[in-house]
Amino acid sequence: MNNSRTLKLTGCLFLLGAALSYAAPATENWDNHCVKCHGADGKGQTKVGKKLSLKDYTDAKVQAELKDDEMIKTTTEGFKDKAGKEKMKAYGAVLTPDEIKDLVAHIRKFKG
Ligand code: HEC
């Protein structure tokens, strides 16, 4: 049995495991998935955001009206307008429940 080889293999498996369980930080997920519409500053003043008349997450009144569990639900299941047309896709398949929870916490930080 070649010991150094076993050691290398164990190290590789360890790194693979670490990579698979990796959850991207909220800032990274926000940049990758949400900025396009909601904006880097959360104001929703992007080209798409303006068209969708998105809420301004720096507005304390908007923040007060938002409920954490609804934010989690919308992010997980997506947002449809009254006509049933999808305006924001469901992220439940792309992001883990923990990542979505972190994103909601991230949105809360835009206030003030
Ligand atoms: C294609 C554009 C688009 C993208 C991308 C997008 N959203 Fe939205 N989002 C919307 C629209 C449209 C609404 C509904 C209007 C509003 O509340 O401003 C919305 C609403 C929300 C709400 C408010 C839900 C509520 O309870 O009122 C949250 C929270 C939210 N988005 C989070 C996210 C997160 C987190 C991401 C990234 C993972 C994201 N959005 C990506 C368009 C988008």
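Here, each number is a calculation from the coordinates, and none is a lab measurement. This one's a predicted model, so the numbers in the text were calculated from it and none came from an experiment. Cβ atoms come from the backbone with ideal geometry, glycine included; neighbour counts cover every protein chain shown.
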*What number of residues in region 51-92 are aliphatic (A, V, I, L, M) and farther than 18 Å from residue 30 by Cβ?*
3
*Is it the case that residue 72 is within 9 Å of the ligand (Cβ to nearest atom) and either among the charged types (D, E, K, R) or surrounded by fewer than 17 Cβ atoms within 10 Å (Cβ to Cβ) (or both)?*
yes
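Filter region 60-69 down to the residues that are of a type in the set (A, V, I, L, M, F, W, C) and either loosely packed, with under 10 Cβ neighbours inside 10 Å or assigned to a helix (DSSP H, G or I) (or both), then identify the one that is farthest from the ligand (Cβ to nearest atom).
At the first step, the residues of region 60-69 found to be of a type in the set (A, V, I, L, M, F, W, C) are 60, 62, 64, 66.
Of the ones still in play, those that are also either loosely packed, with under 10 Cβ neighbours inside 10 Å or assigned to a helix (DSSP H, G or I) (or both) are 60, 62, 64.
Working: 60: 15, 62: 8, 64: 12 Å.
Restricting to residues being of a type in the set (A, V, I, L, M, F, W, C) and either loosely packed, with under 10 Cβ neighbours inside 10 Å or assigned to a helix (DSSP H, G or I) (or both), the top hit is 60.
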*Could you identify the single residue in 101, 82 that is surrounded by 11 or more Cβ atoms within 10 Å (Cβ to Cβ) and more than 10 Å from the ligand (Cβ to nearest atom)?*
101
*Can you find a residue in region 95-108 that is part of a loop (DSSP other than H, G, I, E, B) and in contact with a helix residue (DSSP H, G or I) (Cβ under 8 Å, 6 or more places away or on another chain)?*
yes
